[in-house]
Each structure stands twice: as C-alpha cells, then as structure tokens.
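What follows is one structure encoded as structure tokens, with my remarks underneath.
Derivation of every value follows stated rules applied to the coordinates shown; laboratory data play no part. What you see is a predicted model; the values in this text were computed from it and never measured. A quick note on method: Cβ atoms are made from the backbone with ideal geometry, for glycine too, and the neighbour counts reach across all protein chains shown.
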Amino acid sequence: MIIKIKPGASQGDIDYVIGRAHSLGLDTHISQDDGQTLISLLGDIQTLTPTVFRGLRGVAQILPLRSPFRLVSRDFQAERSVVVVGGVPIGGEQIAVIAGPCAVESQQQLLTTARTVKEAGARILRGGAFKPRTSPYSFRGMGEEGLKLLAAAREETGLPIVTEVMAPEHVPLVSRYADMLQIGARNMQNFELLDAAGKSQKPVLLKRGMMATLEELLFSAEYILSHGNHHVVLCERGIRTFEPYSRNTLDITAVPILQGLTHLPVIVDPSHATGKADLVAAVSRAAVAVGADGLIIEVHPEPERALSDGPQSLTPQRFAALMVEARRVAPAVGRTI
Ligand code: PEP
Ligand code: MN
C-alpha cells in the first residue's frame, strides 16, 4: 500500500501518518514522485484496511499495490530509473554497452580487451575475478589479483568496471574495487548475498536465474532495494529450456514485461543467452530493437584460448562490427548507442 501525501502538507501531518503506520507494526519508506511525497508501507499488510489512514490530515490518496512487489514496482515509482555506474548512466536514452572478458586472466588479456572495446564504443568494462563454474576443476578466477587488474584497467581507460561477487562476505572486498557488483544467475536467490549487496549501496547488476520466473527476479531485486539501495539493473541472460542449439533460450519478452512492471533498467546478455559467438550479433540487434536499456557482451582477444566461455566470446573485431550494426538499429526505437 502506498499513501500519497497532499501537496503542501506540513511535516507534522506527514510524521503523524508515519507514526500511525509504526503503531501498526509497519515500516515506512518515503520517496518523492514528481514533487509528491509517497509513503510506502512495508511489512505485513495483508490484513491492513486502508480505512486506518483515510481522513488523516495530509493524506491525498491511498493506493493499493497492483503488484506483489513494492519498491521495484512502477506503482511505487512511475518514471523509469537511471542507474549511474561510475558516471555512466544505464536506463536513459543512450543504450549502455558493457563488454569485456568472461574472466580476468592476465593484465595483457584484460588491457587489450579494455582498450579495444572502449574504442568500439563500450562504456563499462566487465570481467570476472570470482567465477561460478559448473565444475570445481574449471578456472575459478584470479580473486583479488583479478580485481586489482580491473582497477588498473579502469585507471588506464576510464571505463567503470562491473564484476561478480559470489559470497556475502566478499561484498566489502569487491566493493573496494568495483563500480558495480554483479550477482550472477546462480546466485539470484542467494538471499544473504542480496541483503549484503543491498547494504553496500553500490550499483548492482542482478542477473535472472536460469530457472527463475520474472516475479522471482523482481522479488530478488526487492531484497536489494529494501535495504535502501535503489541502484539495481536487471539482466535477462536466457533461461534453460528443452532447446539444445543455444546454451540458453533468450526470453526476449522479458524486456517489455519487466519494463512494464518495474522502473528499474533492464539489459540483455546475448553471450550467455546463446553460448555461441555466431549468434551474439543477431541477438544483440534484437535486444536493442525490443527496447533493452543495455547489453553485456563477452569479448576476448583470443577466444579459442579463453579460460572460460570461449565459444561465446567475440574477438574485438567482431565486437566492433556488432556495435556498428546495433547503432543502426537503435534510432528505430528512439535510442542511441
Ligand atoms: C558471467 O557473466 O560471466 C556469468 C557467469 O553469467 P551468468 O551468471 O548469467 O551465468
Ligand atoms: Mn561468462
């Protein structure tokens, strides 16, 4: 439930409404929407009747929420959010392209990639230092060494960095280096991790679990926002279906559905969605056309030698060609890249 406060109501009137909510055992979240104060009621509101707030001085309107989520919903905030990552906006008119290797492997590999993707128009650098791998014997990332290399690449190129954090106890460490924390598909419902990322106040890239519904994704985002961290970007990266020709099945419909339900920016990961470098450009064009607020794409100077996700990684040349194509599609949907 959201209470809209009358324009011009006094602080005393607002405090009275908040006091009433607290006396009912509810938490409140105050926000501004187009100059209007909104009080969101948080907690167990199942049995609450709006009448307890009706008639209070200062109350303009009581809105029952149409969706089960609160802070992430467009009922809570009608206008679209823009999440700023190290100075780069995600969610505005310009589509934000994030690119870089699946995993940080060496200074040489990372810097070569960072320089070339920047030249082609990427605005944020990606690279995993803590890698979630299906097999415990696969390369699991360079850990803090990798974070240091990412920070050095940012230093040289000016590109902000996004990197994955897998454990709640690693959030402070990763936050010291990264501009944005990535929570991967496998951890989308690691609730301790969501809590820790919410408390960190760093921008968060939250990827959809490979078997998660959109409602589950939104509830996971709600965890982060419920700690006061509203800087969340959602990522559709394909879900697991019966179809083996692609690594996952990109749920392209997720983009407009999510944008209708939430004010948070929504980006697409064509690399993990397809698992095949040959498919990445076509799916990127589709993502731009459907209205995605950004793309996150894996690029490696020598994909055949990559320590993870080589088959889906683009060479810098192929990435540059993709950017040219995506730039042609963007104006058709009123965007730029
Ligand atoms: C990644 O971005 O490298 C990654 C592991 O992605 P996901 O969590 O979507 O599988
Ligand atoms: Mn990867």
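Within 12 Å of ligand 2 (Cβ to nearest atom) and part of a loop (DSSP other than H, G, I, E, B): is that true of LEU264 in this structure? No; evaluated as a whole, the condition is false for this residue.
When each of LEU214, LEU173, LEU147, LEU125 is tested for being under 22 Å from LEU295 (Cβ atoms), touching a helix residue (DSSP H, G or I) at 6+ places or on another chain (Cβ under 8 Å) and away from ligand 2 (no atom under 16 Å from the Cβ), the lone residue that passes is LEU214. Output yes when any residue across region 132-145 is within 16 Å of ligand 1 (Cβ to nearest atom), touching an Asp or Glu at 6+ places or on another chain (Cβ under 9 Å), under 30 Å from GLN94 (Cβ atoms) and touching a residue at least 60 places away in the same chain (Cβ under 8 Å), and no when none is. Looking for residues that are within 16 Å of ligand 1 (Cβ to nearest atom), touching an Asp or Glu at 6+ places or on another chain (Cβ under 9 Å), under 30 Å from GLN94 (Cβ atoms) and touching a residue at least 60 places away in the same chain (Cβ under 8 Å), one finds none in region 132-145, hence no. When region 102-121 is filtered for residues that are within 16 Å of ligand 2 (Cβ to nearest atom), touching a strand residue (DSSP E or B) at 6+ places or on another chain (Cβ under 7 Å) and over 12 Å from GLU164 (Cβ atoms), the ones remaining, listed by number, are THR113, VAL117. Number of residues in region 104-163 that are basic (Lys, Arg) and either within 22 Å of HIS272 (Cα to Cα) or not in a helix (DSSP H, G or I) (or both) equals 6. For residues in region 300-310 being assigned to a helix (DSSP H, G or I) and not charged (D, E, K, R), which is surrounded by the most Cβ atoms within 10 Å (Cβ to Cβ)? Here the answer is PRO303. Count of region 56-115 residues, restricted to those that are without any contact (Cβ under 8 Å) to a residue 60 or more places away in the chain, in contact with a helix residue (DSSP H, G or I) (Cβ under 7 Å, 6 or more places away or on another chain) and among the hydrophobic types (A, V, I, L, M, F, W, C), is 6. With respect to the conditions (1) assigned to a helix (DSSP H, G or I); (2) small (Gly, Ala, Ser); (3) away from ligand 2 (no atom under 15 Å from the Cβ), SER271 lacks only one, and its number is (3). From the list ALA60, ALA114, ALA129, pick out the single residue that is under 30 Å from GLU325 (Cβ atoms) and of a type in the set (A, V, I, L, M). Every option except ALA114 fails the conditions.
Please state which one of GLU222, GLU164 is within 19 Å of SER40 (Cβ to Cβ) and under 15 Å from the mean Cα position of the chain (by Cα).
Details: GLU164 fails: within 19 Å of SER40 (Cβ to Cβ).
After ruling out the rest, the residue left standing is GLU222.
Pairs are defined by a Cβ separation below 8 Å, a sequence spacing of at least 6 or placement on different chains, a first member in region 213-241 that is closer than 15 Å to PHE191 by Cα, and a second member that is acidic (Asp, Glu); the pairs so defined are TYR223/ASP195; HIS227/ASP195. Of the residues contained in region 311-333, none is found to be surrounded by 18 or more Cβ atoms within 10 Å (Cβ to Cβ), under 20 Å from the mean Cα position of the chain (by Cα) and more than 16 Å from ligand 1 (Cβ to nearest atom).
Just the residues that are within 10 Å of PRO316 (Cβ to Cβ) and touching an Asp or Glu at 6+ places or on another chain (Cβ under 9 Å), please, taken from region 115-131. Scanning region 115-131 gives a single hit, ARG115.
If you filter region 63-102 down to residues that are more than 13 Å from LEU125 (Cβ to Cβ) and not in a loop (DSSP other than H, G, I, E, B), you find that the one that is farthest from ligand 1 (Cβ to nearest atom) is LEU63.
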